[in-house]
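This report refers to the structure that appears directly beneath it.
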Amino acid sequence: MLPDSAYTQLAGMPICRLVNGMWQLSGAHGSIDPQRALANMQDYHASGFVTWDLADHYGPAELLIGRFRQSGVPDGRLRAFTKWVPRPGPMPRRAVEAAIDRSRERMATDTLDMLQFHWWDYTDDRYLDALRHMVTLVQEGKIAHLGLTNFDTEHVRIITQAGIPVVSNQVQYSLVDMRPAAQMAPYCQSQSIGLLTYGTLCGGLLTDRYLNQPEPGPAALNTASLHKYKTMIDAWGGWALFQELLTTLRSIADRHAVTIANVATRAILDQPAVSAVIIGARLGLSDNREENARVFSFALTEEDHARIRAVQSRSRDLMALIGDCGDEYRRR
Ligand SMILES: NC(=O)c1ccc[n+]([C@@H]2O[C@H](COP(=O)([O-])OP(=O)(O)OC[C@H]3O[C@@H](n4cnc5c(N)ncnc54)[C@H](OP(=O)(O)O)[C@@H]3O)[C@@H](O)[C@H]2O)c1
């Protein structure tokens with residue numbers, strides 16, 4: 001179903017440039033039936049969507065990856081990237097190893113394909129202790145690759161300058177939230193660190209579903225993801241400007257015979273340093289694979305990009321308002 005251009009290498013690992021996001025299994029996006037979810041995972045994999053993003057705290061996600069693997073995945077293409085999101089505090093080796101062992105057991109694998117590390121508080125620099133222990137666990141074969149999530153540019157630099165080899169950083173990146181373009185992407189590109197992006201469809205808001213629609217109130221935003229990104233749209237410039245963005249994207253989509261979601265995804269896949277876009281999958285509840293596969297069927301022109309920039313230029317500066325990538329998760 002997917003062409004060769006749908007795949008890339010991340011630190012030598014073959015991955016799909018559309019990664020299936022599993023936060024949508026956490027319970028805050030509708031009730032998931034594990035059997036149906038598992039069957040849907042098989043559909044995703046069979047159609048070439050072979051790369052998964054999850055976390056230790058995304059409900060049953062790690063266990064489902066484990067069951068999926070044990071069900072006999074038909075080829076060697078499955079890659080599943082989990083996260084560890086510890087509470088800041090002392091980071092002795094035994095605590096780090098226990099967390100990694102738990103994920104290995106739940107995901108039914110000796111070696112985690114990639115462990116993405118999140119840290120809540122930069123004033124506590126014991127994140128470096130945790131990362132150094134993880135480097136040892138890479139050497140011992142329990143983790144294949146180390147990644148980060150929601151680290152800002154300054155701290156990615158501190159980590160790389162400490163000699164800790166990270167292959168990716170997972171950040172919010174969309175036509176609404178272009179903060180990574182300011183500092184993160186150039187730095188990551190200089191270090192061969194790939195960006196895995198989330199929020200690229202703003203939880204579904206950045207799609208044809210919301211074109212010409214009145215501003216949704218809290219009751220209409222029925223997933224945690226829709227709530228999260230509606231707040232971002234409010235900060236960025238509000239519903240009227242967002243409608244202008246959707247209208248522009250619709251007219252670009254018409255020229256290429258695709259959808260707003262396709263244009264919004266393609267535009268981020270085309271950004272420097274972006275390895276892949278993560279798209280949330282409500283497994284067993286909804287399935288947007290067929291439409292999303294069309295992102296590999298067309299190319300945006302310089303004129304398309306210029307039209308998008310013309311709308312974006314009228315938004316607020318989220319770097320000034322919020323700070324660099326991930327700062328929305330931290331007190332300033
Ligand atoms: N590191 C972090 O802090 C962090 C934070 C957030 C997310 N993430 C990761 O990123 C993943 C993505 O989550 P997200 O919250 O950012 O959501 P998202 O990918 O922006 O949006 C997902 C929703 O978009 C809708 N959608 C997908 N394709 C569509 C299409 N072609 N047309 C219309 N609607 C479409 C689906 O809605 P329906 O289900 O209603 O069809 C889906 O539930 C998560 O699962 C997680 O893996 C990471």
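Are there helices (runs of 4 or more DSSP H) fully within region 257-332 with at least 3 residues that are within 16 Å of the ligand (Cβ to nearest atom) and out of contact with any strand residue (DSSP E or B) (no Cβ under 8 Å at 6 or more places or on another chain)? List them.
Once the helices (runs of 4 or more DSSP H) in region 257-332 are filtered for at least 3 residues that are within 16 Å of the ligand (Cβ to nearest atom) and out of contact with any strand residue (DSSP E or B) (no Cβ under 8 Å at 6 or more places or on another chain), what remains is 260-269, 289-293.
Take the conditions touching a Ser or Thr at 6+ places or on another chain (Cβ under 7 Å) and either over 24 Å from TYR198 (Cα atoms) or in a loop (DSSP other than H, G, I, E, B) (or both) and apply them to ARG69. Does it pass?
Judged against the criteria, ARG69 is a match.
Pull up region 139-150, narrow it to residues that are over 14 Å from GLY163 (Cα atoms) and aliphatic (A, V, I, L, M), then point me to the one that is surrounded by the fewest Cβ atoms within 10 Å (Cβ to Cβ).
ALA144
If I ask for residues that are among the aliphatic types (A, V, I, L, M) and assigned to a loop (DSSP other than H, G, I, E, B), which ones from region 35-61 would you list?
Answer for region 35-61, where residues must be among the aliphatic types (A, V, I, L, M) and assigned to a loop (DSSP other than H, G, I, E, B): VAL50, LEU54, ALA55.
Restricting to region 1-34, and then to whatever is modelled with pLDDT under 95 and in a helix (DSSP H, G or I), can you tell me which residue is nearest to the ligand (Cβ to nearest atom)?
Residue satisfying both the conditions and the ranking: GLN24.
Considering every residue within region 72-86, establish whether at least one is within 16 Å of the ligand (Cβ to nearest atom), within 20 Å of ARG330 (Cβ to Cβ) and outside any strand (DSSP E or B).
yes
Kindly establish whether ASN292 is free of Cβ contacts under 8 Å to residues at least 60 places away in the same chain, closer than 15 Å to GLY204 by Cα and surrounded by 15 or more Cβ atoms within 10 Å (Cβ to Cβ).
The answer is no for ASN292.
Exactly one condition in (1) surrounded by fewer than 20 Cβ atoms within 10 Å (Cβ to Cβ); (2) out of contact with any helix residue (DSSP H, G or I) (no Cβ under 7 Å at 6 or more places or on another chain) is false for GLN116; which is it?
(1)
Every residue in region 196-235 that is farther than 30 Å from MET13 by Cα, of a type in the set (Ser, Thr, Tyr) and touching a strand residue (DSSP E or B) at 6+ places or on another chain (Cβ under 9 Å), please.
Within region 196-235, THR223, TYR229 qualify.
Spot the failing condition for ARG106; the list is (1) within 24 Å of LEU196 (Cα to Cα); (2) surrounded by fewer than 15 Cβ atoms within 10 Å (Cβ to Cβ); (3) of a type in the set (Lys, Arg), and only one is missed.
Going through the list (1) within 24 Å of LEU196 (Cα to Cα); (2) surrounded by fewer than 15 Cβ atoms within 10 Å (Cβ to Cβ); (3) of a type in the set (Lys, Arg), ARG106 breaks only (2).
Go through region 167-188 and count every residue that is of a type in the set (A, V, I, L, M), away from the ligand (no atom under 13 Å from the Cβ) and touching a helix residue (DSSP H, G or I) at 6+ places or on another chain (Cβ under 6 Å).
The number of residues fulfilling the criteria is 2.
Could you figure out which of (1) out of contact with any helix residue (DSSP H, G or I) (no Cβ under 6 Å at 6 or more places or on another chain); (2) surrounded by fewer than 15 Cβ atoms within 10 Å (Cβ to Cβ) isn't true of ARG93?
Every condition holds for ARG93 apart from (1).
Pairs under 7 Å by beta carbon, first residue more than 13 Å from the ligand (Cβ to nearest atom) in region 37-55, partner in a strand (DSSP E or B) and modelled with pLDDT of 95 or more, six or more apart or different chains?
GLY48/CYS16; VAL50/CYS16; VAL50/ARG79
Counting just the residues of region 207-233 that are polar (S, T, N, Q) and either within 11 Å of the ligand (Cβ to nearest atom) or at pLDDT below 95 (or both), which one comes out surrounded by the most Cβ atoms within 10 Å (Cβ to Cβ)?
SER225
In region 111-151, which residues are assigned to a loop (DSSP other than H, G, I, E, B), more than 14 Å from PHE81 (Cα to Cα) and touching a residue at least 12 places away in the same chain (Cβ under 8 Å)?
TRP119, TRP120, ASP121, TYR122, ASP124, ARG126, GLY141, ASN150, PHE151
Can you confirm whether MET184 is surrounded by 23 or more Cβ atoms within 10 Å (Cβ to Cβ), within 22 Å of the chain's Cα centre (by Cα), modelled with pLDDT of 95 or more and not β-branched (Val, Ile, Thr)?
It is true that MET184 is surrounded by 23 or more Cβ atoms within 10 Å (Cβ to Cβ), within 22 Å of the chain's Cα centre (by Cα), modelled with pLDDT of 95 or more and not β-branched (Val, Ile, Thr).
The values are calculated or read from the model by the stated rules, or taken from the named source; none is laboratory data. Please read all numbers here as calculations on a predicted model, not as lab measurements. Glycine gets a Cβ as well: all are built from the backbone with ideal geometry, and neighbour counts include every protein chain shown.
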